[in-house]
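Q: Here it is, the structure, as structure tokens.
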Amino acid sequence: LGAGYSSTNSRYKLTLVSPRRLAGASAAALGGLCLWSARVDPSEQPESTARSIAIVLQSLTAGLAGSLHRVDPAARPAVLARAVRDASSGLAVHLCGVSHVDPASATAVRAYAEALAAAPGGLGAVAVEDEPRALLLTRAARAALHGLPPERIRAEGEGLVRHALFGLAEVHAWAAEAGATLDGAERVPLSPTLARHLRGEGVLWGLEQAEAAEAAEELGARVACLGGTPAPPPHVPLLTRLAYWLRVRALDPGHDERSPAELHVVASNRALAEVAPSAHEAVLLRKDAHFAAALRTVCADAARAGGEPPPAVLAVVGATHVEGIAERLQAGDGTPRNSVRAV
């Protein structure tokens with residue numbers, strides 16, 4: 001459904017056209033965009049350029065049509081939950097796949113932890129995706145924003161978070177390690193992703209990580225960080241991003257990037273694998289393997305602690321990692337178990 005307008009004597013006409021016709025009219029312009037993108041972005045390699053152009057042309061009609069579908073946010077699930085058994089320790093692992101930008105995920109994570117703690121065997125550990133440094137910062141940000149409505153967070157959130165982080169001795173120590181001095185809260189850097197969501201939607205990115213850690217401590221469970229040293233995300237060229245945008249909406253009309261629903265997650269992972277195999281390897285497969293290895297360590301420690309029935313382990317990760325982690329835990333493939341860090 002495309003919309004165009006013409007004006008005659010200040011009167012406006014809305015023209016509705018079919019997605020197929022719109023796609024045909026847009027093909028030349030998109031073809032030009034593909035060529036322009038490949039020229040202005042030197043990181044786009046010939047092989048990936050050819051693959052991206054082929055996917056753009058293949059998914060153009062279905063992708064544009066799929067982008068016009070709308071999903072009711074009220075029907076969005078809070079988490080993608082899956083329970084599996086770790087083949088190495090025999091413990092039950094409850095994978096809680098979240099949306100990092102949906103506060104409903106944080107609420108659901110706490111409820112999940114409380115339910116496991118009340119069940120036979122109890123809750124042995126809560127593992128979060130963050131690495132310890134990131135978790136510390138997120139918990140400080142959570143405390144600074146707790147109870148504030150989204151409109152106030154949009155207006156004041158960045159300043160409140162910077163002030164909270166400025167009060168942490170660890171932040172000043174890390175700045176000194178980098179050769180910098182923080183002489184005011186306004187000098188505390190925030191990640192572009194964090195700042196964008198604070199300003200745009202009034203939400204704290206990764207709130208569920210802090211909520212999970214808080215709930216674990218209140219329930220007497222161990223908190224473990226699955227993340228290792230954070231690595232910069234791979235650069236994804238403009239043309240590749242366009243190909244992904246079209247492909248995921250062709251696979252999943254009405255694709256909701258905020259939703260942890262399995263349908264959307266499967267489409268997202270498949271589209272990334274088809275469009276950008278190297279990015280899929282870096283941001284998904286390697287992390288899945290790392291998280292699964294770390295979770296095996298958490299499970300082994302919980303099993304050694306004893307208890308009958310044995311305690312459960314709750315893992316709070318992005319929804320796109322649930323399937324990969326589950327497969328590896330069930331396979332018990334012997335990946336090294338030295339990547340977990342307790343906090």
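The values are calculated or read from the model by the stated rules, or taken from the named source; none is laboratory data. These numbers come from a predicted model, not from an experiment. FYI the Cβ positions are ideal-geometry reconstructions off the backbone, even for glycines, and counts take in every protein chain you see. Side chains are part of the model used for accessible areas, which takes the heavy atoms of the whole protein and leaves out ligands, DNA and RNA. Shrake-Rupley method; radii C 1.70, N 1.55, O 1.52, S 1.80 Å.
Q: Would it be correct to say that VAL71 is aliphatic (A, V, I, L, M) and part of a loop (DSSP other than H, G, I, E, B)?
A: On the way: aliphatic (A, V, I, L, M): yes; part of a loop (DSSP other than H, G, I, E, B): yes.
Yes: the conditions hold for VAL71.
Q: Still on this structure, please answer the following. For ALA213, state whether it is over 16 Å from the mean Cα position of the chain (by Cα), over 27 Å from SER191 (Cβ atoms), at pLDDT 95 or above and of a type in the set (A, V, I, L, M, F, W, C).
A: Working: over 16 Å from the mean Cα position of the chain (by Cα): yes; over 27 Å from SER191 (Cβ atoms): no; at pLDDT 95 or above: yes; of a type in the set (A, V, I, L, M, F, W, C): yes.
Answer is no for this residue.
Q: State yes or no: is LEU242 assigned to a helix (DSSP H, G or I), open to solvent by 30 Å² or more (accessible area, probe 1.4 Å), closer than 30 Å to ALA75 by Cα and in contact (Cβ under 8 Å) with a residue 40 or more places away in the chain?
A: Details: assigned to a helix (DSSP H, G or I): yes; open to solvent by 30 Å² or more (accessible area, probe 1.4 Å): yes; closer than 30 Å to ALA75 by Cα: yes; in contact (Cβ under 8 Å) with a residue 40 or more places away in the chain: yes.
Answer is yes for this residue.
Q: Taking segment 282-299 as the search range and keeping residues that are charged (D, E, K, R) and free of Cβ contacts under 8 Å to residues at least 40 places away in the same chain, which one is least open to solvent (accessible area, probe 1.4 Å)? Lay out the reasoning, then the answer.
A: Of the residues in segment 282-299, the ones charged (D, E, K, R) are 286-288, 296.
Going one step further and asking which of them are free of Cβ contacts under 8 Å to residues at least 40 places away in the same chain, we end up with 286-287.
Working: ARG286: 143, LYS287: 88 Å².
Only one residue tops the list, namely LYS287.
Q: Could you tell me which of the residues ALA279, ALA267, ALA302, ALA213 is closer than 30 Å to GLU156 by Cβ, part of a helix (DSSP H, G or I), touching a Leu at 6+ places or on another chain (Cβ under 7 Å) and open to solvent by less than 50 Å² (accessible area, probe 1.4 Å)? I'd like the intermediate steps shown before the answer.
A: Values: ALA279 fails: closer than 30 Å to GLU156 by Cβ; ALA267 fails: closer than 30 Å to GLU156 by Cβ; ALA302 fails: closer than 30 Å to GLU156 by Cβ.
Going through ALA279, ALA267, ALA302, ALA213 in turn, the sole match is ALA213.
Q: Looking only at segment 124-154, count every residue that is closer than 20 Å to ILE325 by Cα and open to solvent by less than 20 Å² (accessible area, probe 1.4 Å) and tell me the total.
A: The total comes to 4.
Q: Can you tell me which residues in segment 85-125 are within 28 Å of LEU145 (Cα to Cα) and in contact with a Lys or Arg (Cβ under 8 Å, 6 or more places away or on another chain)?
A: Correct list: LEU95, GLY97, SER99, VAL101, ASP102, ALA104, ALA125.
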